[in-house]
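Take a look at the structure set out below.
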Amino acid sequence: MSASPLPRTTRSTAAPASARSIRDAQLTELIGKVHADNYGVYGVRKVWAELKHQGHQVARCTVQRLTKSEGLSGAVRGSKIRTTVPGERAVRAPDLVDRDFVAPAPPADRVRNRNRTRRGRAGGRPPALDQQN
């Protein structure tokens, strides 16, 4: 008796479409229409608002997911224009001040007392005052 390479199933090879995939197909068509009708400048927020205005009840996250899957995006205002691009062989100006960006070591007394608290003791003196010579 030989075992078959694939398990047998009772389901046919083509599963019926789920309710979500059917609704997604309908919404994708609506989203594409709203996006195209508005010259391709509407983003997720405005497409969602327009769909609500037309009477379609749809979640914003659903519009975002479908918009992203279709590769649609809205217009972006205020993009920066880069006017000056440095040359590939440009030499940076030397540091005329000879700055040194290395931090010095912290004072020894701060390292020793860094975990002390500011609460007083039973004697009434804070711990920082007890450490002084």
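Find the residue count for region 38-62, including only residues that are among the small types (G, A, S) and open to solvent by 40 Å² or more (accessible area, probe 1.4 Å).
Residues flagged as among the small types (G, A, S) and open to solvent by 40 Å² or more (accessible area, probe 1.4 Å) within region 38-62 amount to 3.
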Is at least one residue of region 20-36 open to solvent by 60 Å² or more (accessible area, probe 1.4 Å) and part of a loop (DSSP other than H, G, I, E, B)? no
Output the number of the condition that V76 fails; it satisfies all remaining conditions of (1) open to solvent by less than 90 Å² (accessible area, probe 1.4 Å); (2) at pLDDT 80 or above. (1)
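For region 44-79, give me each residue that is among the charged types (D, E, K, R) and not in a loop (DSSP other than H, G, I, E, B). Even if it seems obvious, please write down each step before you answer.
Here is the first cut: in region 44-79, the residues among the charged types (D, E, K, R) are 45-46, 50, 52, 60, 65, 68, 70, 77.
Of everything in region 44-79, those that are among the charged types (D, E, K, R) and not in a loop (DSSP other than H, G, I, E, B) turn out to be R45, K46, E50, K52, R60, R65, K68, E70.
The values are calculated or read from the model by the stated rules, or taken from the named source; none is laboratory data. The model shown is predicted, which means the values in this text are computed figures rather than measured ones. The protein model used for the area step is the full one, side chains on, heavy atoms only, and it has no ligands, DNA or RNA in it. Shrake-Rupley method; radii C 1.70, N 1.55, O 1.52, S 1.80 Å.
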